[in-house]
Amino acid sequence: MHFAINGRSYDVELDIRTSLLDLLRDRLGLTGTKKGCDQGACGACTVLVHGERILSCLALAVQYQRREIMTIEGLGTPNALHPLQQGFIAHDGFQCGYCTPGQILSAVGLARELQNGVPSAVTANLTDDAVEVTADEVRERMSGNLCRCGAHNGIVEAVLEYLREPPETGAAR
Amino acid sequence: MTPANPAMRRFGTIGQPVSRLDGPLKVAGAARFAAEVRPERLAYAAIVPAAVAKGHVIAIDAADARATRGVIAIMTHENAPRMGRPPRFIEDPDGTAFDSSPVMQDNRVRWNGQAVAVVIAENQDIAEHAASLVRVSYSPEAAKLSFQALLLSARRPASILGQPTEVNAGGDAEQALASARFTVDEIYTTPRYNHNAIELHALTAVWEAEDRLTLHDSTQMLALTVSTLARVLDLPKDHIRVLSPFVGGGFGGKGFFSHTLLAIAAAKLAGRPVRLVLSREGVFRLIGGRANSRQRVALGARSDGTLTALIHTGATGVMTGTIFPEQFTFPARHLYAADSLHLDQAIVELDIPANIAMRAPGESIGSFALESALDELAAKLDLDPVELRRRNEPQKDPTDGRAFSTRNIVEAYRRGAERFGWSNRNPAPGTQRDGEWSIGQGVATAYYPYYRFPGSAARIRITADGRAVVQAAAHEMGMGTATVQSQHAAQLLGLPLDRVTFEYGDTALPPSALAGGSTQTASIAGAVIAAHERLVEELLRLAGNDSPLAGAGPKEVETRNGGLFRKGDQEIGESYETILRRAGRDHAECEAVGTPPAEMMNYSMLSLGAQFCEVRVNDITGEVRVARWLGSFDTGRILNPKTAASQFRGGIIMGIGMALTEETLFDERSGRIMNPSLAEYHLPVHLDVPQIDVIWTDIPDPQSPAGVHGIGEIGITGCAGAIANAIYNATGTRIRELPITPDKVLAFTSQPYGQSRPLSS
Amino acid sequence: MTPFRYEKPADTAGAVEISRRAPAARYLAGGTNLVDLMRETIERPETLVDVSHLSGEIRDIDGGGLRIGAGVKNTAVAAHRSVRERYPLLTQAILSGASAQIRNMASVGGNIMQRTRCLYFYDDASRCNKREPGAGCDALQGFTRNHAILGGSASCVATHPSDMCVALAALDASVQLEGPRGARRSLNLTDLHRLPGNTPEIETGLQPGELITAVELHPNRFANRCSYRKVRDRASFAFALVSVAAALDLADDGSIREARLALGGVAHKPWRARTAEALLAGKQPAETQFRQAADAELSAARPLPHNAFKIELVKRVIVSSFVALAQRKEASA
């Protein structure tokens, strides 16, 4: 099977049952994507497919061939962090760090959904073209990413800052 | 490029909000967790859980599983390598097991969900599929499963964490209660809970040789895992190495359980490295959680609110033969100056997985009952609940009469009340509204004991390039250990933060006590202080007679500004580099064990706090939302306000879950946990979590190393009480049963729906 | 997960043909429910027929309705301009379900076909008539807090977990099906899901091999007065305890020309509350009126040990929803 991940292409023989998550973690060594439940219930395995956030644990890898997949490794590295990753550090938006890659990619996907005018369950007026960015909008839209350490405040602050002060172009990939 | 952490070049960062030093690795997904190491020839394991609560396995039909392509081995009690019983935590100094049952050594089933077989295969999908094909026949026996039905047979455990189970002080408390002018006497219940760290329990077990084991584990008990394994596997301790550089959340739940031995035994049986990652269901079935409880709190008071009687008794449901009763009466031992005290605990023994420490075990659920009762008393007295607590502030420990090492809870309450705006609250229930929402505020005391474990060691190495490496087999589960210990060591050594590296998470390093009981920061800091003292002596010795420090004794010098200097004199001294180079050394190294925690013997040492919250309760649906929170803590000196705030918040958020959304559903007919899933076990989500304000007194405890108290657990205490009290203030409804879900709120409120009101359209 | 064969047909006819030939086949779209159930070994299809690339458009249909392809992702439906303006009830319902990531994956067809969250259905050590017909039901005397109060049977008291379907039921949506040899038919959504009776393993009226190709929405006058309200155990990302899709169309004299009401979390299927609707038609909106309608609808409710609260809860939400809708100012849409 053929995959395009973080701008790189991979050809691998796979057990047909392999989830996109297990492909990334076990076969390709991209362990930044985390397994927290394998039940579609925690968001730790969030990755972007053509910029849209999905849960890689519920995704059979076979369905995601030849799609542009982005994992945390494609967003930034420890020495060249994406602004949102920096924001998570600055606002202490994590403790153990396990749910963190999923939270960050989820927020990147969230930003795109906002750009596209996708409303949420807390959006007051569904017919507005643009959604006002509020803390509750971020909370609702990030609710698919569980955090047990309780870094929610820092996460929301980091995401709000990122949404309100879009990074200079070039910094964000 | 990433801007450098601005704190890194600084000296003296204690008390500064330094960002986590492991942050870049974690946000980039580059921190390697236990399931992410990949030895050659790695095999994968999956567990078959028992489907009955008690009995014997009489047959295991693994033919289909064995015939599955890619299956390497199937381990059952019939072929598992022989292993001893794991020694028990607390009881045995080497022990870390909560349940000392043998693991896969016999055909007995001790709880529903216990592992009865392990499939080892070439990949995880094959292992899991083959595990689903293993058919197990049981000869079931009647199991003890109903807490309520067995409550009458509850028995008193011999001790609670080494403390007496029963405490009576100041005469007959029941008598005092009976004659009290104002009384509260209620039953409070709390359900089972599970830790549910987001990282699944994971191990990669590698037998380097027949008698040498390397274990990549996710554990908060490194040293004890080695000593326990040495006994179980009958190996010398130095043949076992456990690495755990990152732990994806622990909260008491990451340690030595049956899965540890299953992975090790599977690797032995398969003759290959084995990775065992529990499924989320597996975590629920194999790893215990917080025990359920039924508690009575009875208070007797005079009209001025001073307590004449404080009674706190009750029972928890625990696994038969285990020794962890959940110390829910501990808060009542130290918080209030009642004339008479009667505190007692019992356990109901059941055929269930052993309950284990979960963030403030006992104190979390005990403070719910106690602090709810205080609020009920305040309402009866028509007295402000903050004032009620102030009036019952003890001058010395109510149980043993010892002096407090430090105690500033009244000040924490004063500052908290001011910041929260407590005085704006209307004490009359059901008076604040916003549309269909009733609003209320509640308060409760947070309490967790100060502990420091003996035996923690640390090693400091100073190198000739002016850097330091500090080593301890400590645990970083997100508490900020790596960051805070670096700050502390840098401060002690007089080095900027970027010159200090803290190495941890590996039993090849000097042993640390477990990360539990909120002890790690003080325990390791104590060891680093001891190692530092030795290092000063060593450096003085190396400096020799050619040094400006010649003739100075260890007490006359101090480390600062990158070297060793005479105390009180800015000029006399020299850098570490100078000392080492002159001595022809590329480094100096010292290791020491921290002083024994004598402070715990001499003083009553407590961490305290005041939890203020505002809730909104929906009149129509019974939904409760936490709108506002302020935690005001008195927990000694805060080393890093940034990571400390996160620790407090984390505890509070877990407290919100405990109060409102979380419950492990245990079916008493089968002994089966029915919601082993993050979809059905409701951790709070982002939308459940308001902005949480935390403040602290920052008054150092003169008795503790570096003046610090552990703060990992206190945050969860008091939370459920504060929320239940706020719900009472909002609605006039008192709910004494956790979690407070909409159905319970509805059952107790009777807001009319559909009464004839004219519609304004 | 049990091994399976994977097929990706070029078109709907091809999908149906594969499915016809391989009876133990399942259609796979977003996978958000099916993959989870396969991992739990509750679903063990021999063949997976990938239809995620089929039926992916939303378009207007003659006469003013909207046709939503079964393969359209839930997010795309909720965010679609026409849906937001003409069927905001559907947008609200979809957005109250699951999480953003799941809504980005889940298809309309898959949402309709998702299976119950009954704890005993999910637990292979428990007896369940859905998993194993005739085995018995451990839910009946177990944790029934999330179970049905309407339309349950001695065989099964599970509830349907979808939010989207509750809105579709209220909107009188029809479901387009394609069967073997090009056989096409349409089914009202309210007729698609079944009550459990003695055969809870048969959850829908779909024939073997039939594939959902689209959902059709008809023109309506509810866009300004409709709401979806979901009550759950946490603020987001949880299945409903109960949910209420309500809509009102008021005549010029203020009377109710038509009311629509559907309930979630109360039955084995999205529960269209026709009794209540009939009582409200032609009446002046009044709280007592709504209450009588709610009482009448729920008079058939049969609570289980832990879910009697749902009766009171759903009545309250019905009444408050209608009251709010009746009071709503005519929007300038």
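The values are calculated or read from the model by the stated rules, or taken from the named source; none is laboratory data. For clarity, every value in this text was computed on a predicted model and none was experimentally measured. Here Cβ is always computed from backbone atoms with ideal geometry, including for glycine, and neighbour counts include all displayed protein chains. Surface areas here come from the heavy atoms of the whole protein model, side chains and all, with no ligands, DNA or RNA. Shrake-Rupley method; radii C 1.70, N 1.55, O 1.52, S 1.80 Å.
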Response to the item:
Summing +1 per Lys or Arg and -1 per Asp or Glu among the other residues with Cβ less than 11 Å from B:Ala525's Cβ gives +2
Discussion item. At R0 = 56 Å, how high is the FRET efficiency between B:Glu556 and B:Leu235 if r is their beta carbon distance? Nearest 0.05 is fine.
Written reply: 0.75
Discussion item. Tell me the carbon and sulfur percent of the accessible area for chain B, rounded to whole percent, probe radius 1.4 Å.
Written reply: 49
Item to complete: State the volume of the convex hull built on the alpha-carbon positions of segment C:226-327, expressed per residue in Å³ and rounded to an integer.
Response: 91
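Against the globular-protein guess of 2.2 N^0.38 Å, express the Cα radius of gyration of segment B:246-374 as a ratio, rounded to two decimals.
1.41
Express the accessible area of the protein assembly as shown per residue in Å², computed with a 1.4 Å probe while the remaining protein chains stay in the model.
Values: 42210 Å² over 1267 residues.
Result: 33 Å² of accessible area for each residue.
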Response to the item:
So the pair-distance distribution of segment B:60-187, from every Cα-Cα distance in 10 Å bins, comes to percents of 10, 22, 25, 18, 13, 8, 5, 1
Worksheet entry | Chain lengthening between B:Gln148 and B:Glu393 when straightened (0.36 nm per residue, less Cα-Cα) | 84.6 nm
Fill in: Largest-first ellipsoid semi-axes for segment C:1-60, taking √(5λ) over the Cα gyration tensor eigenvalues, angstrom
21, 15, 8
Worksheet entry | Listing of segment A:132-155 residues, each with accessible area lower by at least 30 Å² in the full protein assembly than in the chain alone (probe 1.4 Å) | A:Arg139, A:Glu140, A:Ser143, A:Gly144, A:Leu146, A:Arg148, A:Cys149, A:Gly150, A:His152, A:Asn153
Worksheet entry | Rg and Dmax [Cα atoms of segment B:294-344; Å; Rg one decimal, Dmax integer] | 13.2, 45
Item to complete: List the residues of segment B:670-695 whose accessible area drops by at least 30 Å² when all protein chains are present, compared with their chain alone, using a 1.4 Å probe and counting only protein heavy atoms.
Response: B:Arg672, B:Met674, B:Leu678, B:Ala679, B:Glu680, B:His682, B:Leu683, B:Val685, B:His686, B:Leu687, B:Val689, B:Gln691
Worksheet, complete the sentence: Mean other chain Cβ within 10 Å across C:122-128 is 5
Fill in: Computed FRET value (nearest 0.05) for B:Val410 with B:Asp106, which takes r as the C-beta separation and R₀ as 45 Å
0.20
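Between the DSSP loop rule and a limit of at most 13 other Cβ atoms within 10 Å, which trypsin sites (Lys or Arg not before Pro) in segment C:268-333 are left?
Working: sites: C:Arg272, C:Arg274, C:Lys283, C:Arg291, C:Lys310, C:Lys315, C:Arg316, C:Arg328, C:Lys329; in loops: C:Lys283, C:Arg328, C:Lys329.
When the trypsin sites (Lys or Arg not before Pro) of segment C:268-333 are filtered for loop state and at most 13 Cβ neighbours within 10 Å, C:Lys329 remain.
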Response to the item:
One would report the Cα pair-distance distribution of chain B, bin width 10 Å, in %, as 3, 14, 22, 24, 19, 12, 5, 1, 0, 0
Response to the item:
Beyond 25 Å, the calculated P(r) of chain C holds a percent of Cα-Cα pairs equal to 51
Response to the item:
Placing each pseudo-label 7 Å from Cα in the direction of the beta carbon, B:Arg585 and B:Lys380 end up separated by a distance in nanometres of 6.7
Worksheet item: To the nearest 0.05, how large is the calculated FRET efficiency for B:Arg82 and C:Arg184 if R₀ is 60 Å and r is the Cβ-Cβ distance?
Response: 0.35
Worksheet entry | Cα-derived Rg to Rh of the protein assembly as shown, Kirkwood definition | 0.97
Item to complete: Within a 10 angstrom radius of each residue's Cβ in B:33-39, how many Cβ atoms of other chains show up on average? Whole number is fine.
Response: 3
Item to complete: Work out Dmax and Rg for segment B:594-651 from the C-alpha atoms and quote the Rg first, both in angstrom.
Response: 17.6, 59
Practice prompt. Mind ranking C:77-84, B:685-692, B:258-265, A:124-131 by how tightly packed they are, going by the mean number of other C-beta atoms within 10 angstrom, highest first?
Written response: B:258-265, B:685-692, C:77-84, A:124-131
Worksheet item: What are the lysines whose alpha-carbon lies under 25 Å from the alpha-carbon of B:Lys555, with same-chain residues fewer than 8 places away excluded?
Response: B:Lys567
Worksheet item: Leaving out ligands, DNA and RNA, what percent of the accessible area of chain C is carbon and sulfur, probe 1.4 Å?
Response: 48
Item to complete: Output the peptides B:132-139, A:58-65 sorted from most to least packed, where packing is the average of other Cβ atoms within 10 Å over each peptide's residues.
Response: A:58-65, B:132-139
Discussion item. Please list, in order along segment A:18-23, the HN-Hα scalar couplings obtained from phi with the Karplus expression 6.51 cos²θ - 1.76 cosθ + 1.60 (θ = phi - 60°), rounded to whole Hz, x for Gly and Pro.
Written reply: 4, 6, 4, 4, 5, 4
Worksheet item: At 10 °C and 1.306 mPa s, what whole-number value in µm²/s does Stokes-Einstein give for the translational diffusion of segment C:88-226, with Rh from the Kirkwood sum over Cα pairs?
Response: 97
Worksheet item: In segment A:1-98, what GluC sites (Glu not before Pro) fall in a loop by DSSP, with at most 15 other Cβ atoms inside 10 Å?
Response: A:Glu13
Practice prompt. Write down the Kirkwood hydrodynamic radius of segment C:175-293, to one decimal in angstroms, obtained as one divided by the mean of 1/r over all alpha carbon pairs.
Written response: 16.7
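State, as an integer percentage, the relative contact order of chain B based on alpha-carbon contacts under 8 Å between residues 6 or more apart.
Here the relative contact order equals 16 percent.
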Worksheet entry | Stretch gain in nm, segment C:Arg328-C:Arg21, where the contour uses 0.36 nm per residue and the Cα spacing is subtracted | 105.2 nm
Worksheet item: Pulled fully out, how much extra length does the chain show between B:Met601 and B:Ala209, if you take 0.36 nm times their separation in residues and subtract their Cα-Cα distance?
Response: 136.7 nm
Worksheet item: Points 7 angstrom from Cα along the Cβ direction at B:Glu186 and A:Ala80: gap in nanometres?
Response: 6.0
Worksheet item: What total accessible area, in Å², is buried where chains A and C meet, using a 1.4 Å probe and rounding to the nearest 100?
Response: 2900
Practice prompt. Send over the Kirkwood Rh of segment A:83-164, from the inverse of the averaged 1/r over different Cα pairs, rounded to one decimal Å.
Written response: 12.7
Discussion item. Need one number: convex hull volume per residue for segment A:96-139, Cα atoms only, in Å³.
Written reply: 69
Fill in: For B:Asp99, solvent-accessible area (1.4 Å; no DNA, RNA or ligand), Å²
40
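Using the Kirkwood radius over C-alpha pairs as Rh, can you work out the diffusion coefficient of segment C:184-254 via Stokes-Einstein at 20 °C, viscosity 1.002 mPa s, in µm² per second? Write down the numbers at each step before the final one.
Details: Rh = 15.9 Å.
For these conditions, the coefficient is 134 µm²/s.
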Worksheet entry | Shielding of A:48-55 by partner chains, average beta-carbon count, 10 Å | 5
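Given only helices, namely DSSP H runs of n ≥ 4 each adding -39500 (n - 2.57), what is the per-residue ellipticity at 222 nm of chain C, to the nearest 500 deg cm²/dmol?
Rounded to the nearest 500, the figure is -8000 deg cm²/dmol.
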Worksheet item: For segment B:457-596, what is the convex hull volume of the alpha-carbon atoms per residue, in Å³?
Response: 100
Discussion item. Compute accessible area for segment B:251-282 by itself and then with all protein chains, 1.4 Å probe, and report residues whose area falls by 10 Å² or more.
Written reply: B:Phe251, B:Arg275, B:Arg280, B:Glu281
